[in-house]
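Contents: one structure, followed by commentary.
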Amino acid sequence: MIDLHSHILPFIDDGAPNMAVSLEMAGQYVANGFRRVVATPHVQPEDIGDQWAQSLKSRVAEMNRSLRDGSIPLVISAGMEIAIAPELPERLDAGLLLPLADSRYVLIETPFERLPVGWEHIFFQIAGRGYRVLLGHPERCTQLARNHTLFERLIDIGVYFQVNWGSFTGFYGRLALKTARLLAHKGYIHCLATDSHDRSDRSADVVGKAIPDIEALIGAANLDLLSKGNPSRVFADQPMEPMSSPPALRNVKRRWKRWLFRQS
Ligand SMILES: [Fe+2]
């Protein structure tokens, strides 16, 4: 599998505090079936410095050397988790912000409360420059979770959705769980990612805990698409494909709908 969203790099943000923890997290990735991870530290476009992108690539190279030295079969690529801000398009133009793994996909962080005023204009500007917007954990944004028509609007304008594995285990709370299931039900998820920050609750071990529920909900073929097929398309810089509606999902729709809305 490939993880497109991870805070595995040491010393940068609220992820791994040192290389020893980074290497333990790498071991967890391998144990859970991953072979590639994109390191995506948090960045604020308005604060980013001229040397950030180059420094990040150097740290990725250093980590890959450590992985080879430790015979850990995992390869890290560079990326960023970019906070949505008016400065984002021009900072992309200036080469200060890194898309995922040298592709044209830009991982944009959803604010936890609400999207900023002017978000649609920002996304249009990014798309107009030839980039693809991958929205990180939209199920964790309260405004979106409470106003589902915004999901439709985002899908309509070509935004891709990355949902966290942990949202399906309830780690981020009841609303995120319910919203992740809603997105799965609607077929609006394009890829799953761990958003790993540490060795415990927010690690690649979440995958083993989440797989049974997700597979029961969307079927094995969709699970394969979201965890392998579409992340591979990001590396190939190809458009991600939408989920299909498998027989399992169609069969449970009515029962599942009753369950879902009973939770509200
Ligand atoms: Fe993140």
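We did not get these values from a lab; they are worked out from the coordinates using the rules stated. No experiment lies behind these values; they were computed from the predicted model shown. Because the Cβ atoms are built from the backbone with ideal geometry, glycine has one as well, and the counts that use them run over all protein chains shown.
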* With each pseudo-label sitting 7 Å past Cα toward Cβ, what's the Ser71-Lys209 distance in nm, one decimal? -> 3.1
* Ala221/Glu90 FRET efficiency (R0 45 Å; Cβ-Cβ; nearest 0.05) -> 0.65
* To do: Would you mind computing the Rg to Rh ratio of region 135-197 from its alpha-carbon coordinates, Kirkwood style for Rh?
  => 0.93
* Asked: Hey, what's the per residue convex hull volume over the C-alpha atoms of region 73-178, in cubic angstrom?
  -> 106
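Counting only DSSP beta bridges with both residues in the chain, tell me the antiparallel percent, nearest 5.
The antiparallel fraction comes to roughly 0 percent.
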* **Selection from Ala31, Asn18, Pro73, by position along the positive dipole direction of the chain (Cβ)** => Ala31
* Using 0.36 nm per residue of separation minus the Cα-Cα distance, give me the extension gain between Ala31 and Arg174 in nm, one decimal. => 48.7 nm
* To do: From zero up to wherever the largest Cα-Cα distance of the chain sits, split into 5 Å bins and tell me the percent of pairs in each.
  => 1, 6, 14, 18, 20, 18, 12, 8, 3, 1, 0
* To do: Kindly provide the trypsin sites (Lys or Arg not before Pro) of region 1-102 that DSSP labels as loop, not H, G, I, E or B, and whose Cβ sees at most 13 other Cβ atoms within 10 Å.
  => Arg35
* Packing rank of 189-201, 168-180, where each peptide gets the mean count of other beta carbons within 10 Å, highest leading -> 189-201, 168-180
* Can you give me the Cα centroid spacing of region 37-64 and region 97-173 in angstrom? -> 20
* To do: Divide by every residue of the chain the summed helix terms, -39500 (n - 2.57) for each DSSP H run of at least 4, and state the resulting mean residue ellipticity at 222 nm, rounded to the nearest 500 deg cm²/dmol.
  => -12500 deg cm²/dmol
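Number of Lys pairs in region 114-254 with C-alpha atoms less than 22 angstrom apart, excluding same-chain neighbours closer than eight positions?
Working: Lys178/Lys186; Lys178/Lys209; Lys178/Lys253; Lys186/Lys228; Lys186/Lys253; Lys209/Lys228.
Qualifying lysine pairs in region 114-254: 6.
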